[in-house]
Amino acid sequence: MAQRREERTAAIIAAAWDLAREEGIGGLTLRGLARVVGVRQPSLYEYFESKHALYDAMFAVGNRQLLERLDGLSLPDDPRAALKAFMATFVDFALEDDARQQLLFQRPIVGFEPGAASYDAAVQVLERGIAMITAAGLTDQGDVDCFVAMVGGLIAAQASNEPGGDRWARHLERLIDLYLDNPRQGRTR
C-alpha cells in the first residue's frame with residue numbers, strides 16, 4: 001500500500017512538472033493537474049495538503065535530480081578544472097528546464113518557502129559548490145558569495161535573454177578564470 005502511494009505521488013509530481021513546463025511554474029494549477037492525472041481536484045489533497053506542499057515536493061525532486069547529476073560527475077584532480085566541470089554541469093542543469101530553474105533558483109511563487117526536508121538537498125548542492133570554490137582557492141566568504149552571484153547572474157542572463165542558446169553560458173569558463181585570477185579586483189572596502 002505504501003509503495004503504491006509513493007508511486008502515485010511520484011506520478012503526480014512528474015505530471016506537475018510536465019504541466020509547469022507547458023503553463024509556466026506560476027501557471028500550474030491544482031485544477032489543471034487534477035485534469036491531467038485524471039482525478040477530481042479534491043483528490044489531490046490526499047497527496048498534498050496545499051499547492052505550496054506540491055511545490056515543496058517538486059522543489060525536493062528537482063534538487064535530488066541535481067544531486068544525482070553532480071554525483072555522476074568524474075571530476076579532474078586539478079581544483080580549477082574540477083570547479084569548471086562542476087559549474088558547467090550545474091549551469092547546464094539549470095538551463096535545460098526553465099520551469100525547474102525558476103522553482104529551484106528563483107523565488108517566483110509568492111509565499112512559497114521550501115520545507116526543511118526539501119531544502120536539505122539544495123543545501124547539499126550549495127555546500128558541494130562552496131567546497132569546489134574553496135578548493136580552487138577562494139576562501140574569503142565575500143569572494144565565495146560573489147562567485148555564486150556571478151554564476152547565478154550568468155544563468156539568469158541566459159535564461160531570460162536567450163533561452164535555449166549559449167550567448168552568456170558559453171562564457172562560464174572565462175568568467176571562472178577571470179574571477180579566480182582576480183577575486184579582489186574592484187573591492188573598495
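The values are calculated or read from the model by the stated rules, or taken from the named source; none is laboratory data. Because the structure is predicted, anything quoted here is derived from the model rather than measured. Ideal geometry is used to build each Cβ from the backbone, glycine not excepted, and the neighbour counts take in all protein chains shown.
Residue under question is residue 105, and the condition is that it be in contact with a Ser or Thr (Cβ under 6 Å, 6 or more places away or on another chain), touching a residue at least 12 places away in the same chain (Cβ under 8 Å) and under 18 Å from residue 24 (Cα atoms); does it hold?
no
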- [ ] Take segment 28-48 and flag every residue that is under 21 Å from residue 107 (Cα atoms) and out of contact with any helix residue (DSSP H, G or I) (no Cβ under 6 Å at 6 or more places or on another chain).
- [x] 29
TODO: Kindly indicate the residue of segment 98-133 that is in a loop (DSSP other than H, G, I, E, B) and of a type in the set (A, V, I, L, M) and also nearest to residue 62 (Cα to Cα) among those meeting that condition.
DONE: 109
- [ ] Check whether at least one residue in segment 134-141 is crowded, with 18+ Cβ neighbours inside 10 Å, part of a helix (DSSP H, G or I) and in contact (Cβ under 8 Å) with a residue 40 or more places away in the chain, and report yes or no.
- [x] no
- [ ] Check 116, 16 and return the single one that is modelled with pLDDT of 95 or more and closer than 27 Å to residue 157 by Cα.
- [x] 16
Task: Per-region count, segment 62-76, residues of a type outside the set (S, T, N, Q) and crowded, with 18+ Cβ neighbours inside 10 Å - done: 3
Open item on the list: I'd like the full set of residues that are charged (D, E, K, R) and under 30 Å from residue 76 (Cβ atoms), limited to segment 99-128.
Closed with: 100, 120, 127, 128
- [ ] Could you list, in sequence order, all residues of segment 23-49 that are exposed (fewer than 12 other Cβ atoms within 10 Å of the Cβ) and either under 19 Å from the mean Cα position of the chain (by Cα) or under 21 Å from residue 101 (Cβ atoms) (or both)?
- [x] 27
